[in-house]
Structures are given as C-alpha cells and as structure tokens.
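So the structure is just underneath, and the comments pick up after that.
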Amino acid sequence: MILVLVGPPGAGKGTQAKLLCARFGIPQISTGDMLREAKRSGTLEKRYLDIMDSGGLLPDEAVIGLIARRTVEPDCSNGFLLDGFPRTVPQADALDELLASQGGTRIDAVIQLDVARPLLEERLIHRRTDKRSGQIYHLVYNPPPPGAELEHRADDRPEAVAKRLDAYEAMTAALLPFYEQKKLLHRVDGVGKPEDVTHRVLSAIGRPG
Ligand code: AP5
Ligand code: ZN
C-alpha cells in the first residue's frame, strides 16, 4: 500500500503517519525528518539548512533524490507512507515516474488533513519532539512525560511558522487539483483527538476498523 499525506504545517501529518504506519505495517518516509537527520549529522548543505530553518521550501531536486534512494530500500517492498512529499506538481510528476520505473506500483490514496490556520499556529508553537524516539508532543494537548529529551524545531519560531503556512498555501493551489483529477484525493477533518482523526482517515480510504 502506498499512501501520501498532505496538509499544512501542523496539520498532524507526522502524528497520523505513525498511527497509520503501525496499522498497515509500512514505513513512514518523511522528507522533513530525513532533512532534520541530515542537519543533525552535519551532512545537510548550508544553503539548504538556511532555507529550512527560515521556513522556505527546498528545491525539488534536493528532495526527489532523497525519495528515489529511500523507496528502493528493502523495507519499502510492501509499500510506504509519504509524509511531506510531494509538495509541488514537479515532485508529484517525479514520484509517478519513480513508481513507474519501480515496477509500475501506484499510489493508493492521497490524504489531505484539513485544519484552520489559527489552530495550526497554536499547534506548532507548542510542539516539542523527543530527540531519542522521534515522538511528537504538544505542551498542552499531549504533554511529554518527565525525562523526555525535548527538542524545539528551529522552524517552529513564529516568523518561520508564518512563512511555512504561506509557502503551503501557495504550493497546494496546484498540487491538490493534480490529485483530485486522478481521483486519489481524500479530504479529512484533522481537528479532534489523534485517534479520531485516524478513524476518519481509515473510513475515507475504505479501510475502516
Ligand atoms: P516537514 O517536517 O514536512 O514540516 P511541515 O510540513 O511544516 O509539517 P510539520 O512537521 O510541521 O507538521 P505535521 O503536519 O507533521 O504535524 P505534527 O504531527 O508534527 O518539513 C520541514 C521543512 O523541510 C520544510 O519547511 C522544508 O524546508 C523542508 N521540506 C520537507 N519536505 C520538503 C519537500 N517535499 N519539498 C521541499 N522542501 C521540503 O503535529 C504538530 C503539532 O500538533 C504537534 O505538537 C502535535 O502533538 C499536535 N497535534 C497533532 N495532531 C493533533 C490533534 N489531532 N489534536 C491536537 N494536537 C495535535
Ligand atoms: Zn511533520
């Protein structure tokens, strides 16, 4: 099964990705997580690091290469869930070509998580992530346990948050119709408890329960 999660920053892509991947036994492929990992290990080019931290989007070729290498790893043979990729029509075209070249597999569903902008800002500003486990917390809705080694993302500063939300709005103008035309797009309300959102996603893609 190949699933794609789209939605604005803070919509809950990472949170839902973990729940859906556990349910379907497929790996989560997050370009954002891969780039942050490269940043931690000092292998991310400085010009990309600056774009990321300020809330801009990296050039398409930078992320397409990451996806091309990751999706041929053995744990992807039964499918995968893409979180944060594709974000532009050229990335979506590149993904189609990649899947065609990998034996003609196809995307099963593209899930768009809908959350209004004021709530997105509130979610991002209070997000903290556990450095060791990658677990995502919210200081109010889902507080981290004592002893968690918390990280505050550089792009969760208010100026960067505003820029990321603007970049998303500009980008989706073309990406969502692209998948709508292919009859792959499922819009899901992303407000409510994470488990309730997961139920909505599963019903939307015809895999309830
Ligand atoms: P990326 O890491 O993909 O960031 P993003 O799209 O901005 O999304 P987020 O990770 O901020 O939010 P999320 O939807 O995963 O929400 P989460 O579950 O964490 O990308 C980062 C950067 O990398 C980009 O800006 C760009 O520079 C670069 N990049 C990555 N991919 C790229 C690409 N394809 N092309 C070009 N550049 C690329 O939840 C957020 C908060 O809300 C958490 O605190 C969580 O606990 C809380 N929360 C979640 N669900 C709920 C709920 N149901 N109720 C209450 N709280 C909730
Ligand atoms: Zn995320």
Single residue of the range 25-44 satisfying the filter (assigned to a strand (DSSP E or B) and out of contact with any Cys (no Cβ under 6 Å at 6 or more places or on another chain)) that is farthest from ligand 2 (Cβ to nearest atom): I29
Members of the range 2-17 found to be within 12 Å of ligand 1 (Cβ to nearest atom) and either in contact with an Asp or Glu (Cβ under 9 Å, 6 or more places away or on another chain) or part of a strand (DSSP E or B) (or both), listed by number: V4, L5, V6, G7, P8, P9, G10, A11, K13, G14, Q16, A17
Within the range 45-59, considering residues that are within 10 Å of ligand 1 (Cβ to nearest atom) and in a loop (DSSP other than H, G, I, E, B), the one least open to solvent (accessible area, probe 1.4 Å): G55
Subset of the range 132-161 [surrounded by 15 or more Cβ atoms within 10 Å (Cβ to Cβ) and out of contact with any Lys or Arg (no Cβ under 9 Å at 6 or more places or on another chain)]: N142, R157, V161
Residues being under 18 Å from A204 (Cα atoms) and surrounded by 20 or more Cβ atoms within 10 Å (Cβ to Cβ) - total across the range 3-19: 11
Residue that is farthest from the chain's Cα centre (by Cα), among those in the range 98-124 that are closer than 20 Å to F85 by Cβ and of a type in the set (D, E): D108
Residue that is over 22 Å from D196 (Cβ atoms) and either away from ligand 2 (no atom under 14 Å from the Cβ) or open to solvent by less than 20 Å² (accessible area, probe 1.4 Å) (or both), where the choices are A62, A22: A62
In the range 3-19, residue farthest from ligand 2 (Cβ to nearest atom) [restricted to those that are β-branched (V, I, T) and farther than 17 Å from G192 by Cβ]: V4
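The values are calculated or read from the model by the stated rules, or taken from the named source; none is laboratory data. As the structure is a computational prediction, the values presented were derived from the model and not from experiment. Methodologically, a virtual Cβ is constructed for each residue, glycine included, from the backbone with ideal geometry; neighbour enumeration extends over all protein chains shown. Just so you know, the surface numbers come from the protein's heavy atoms only, side chains and all, with ligands and any DNA or RNA stripped out. Shrake-Rupley method; radii C 1.70, N 1.55, O 1.52, S 1.80 Å.
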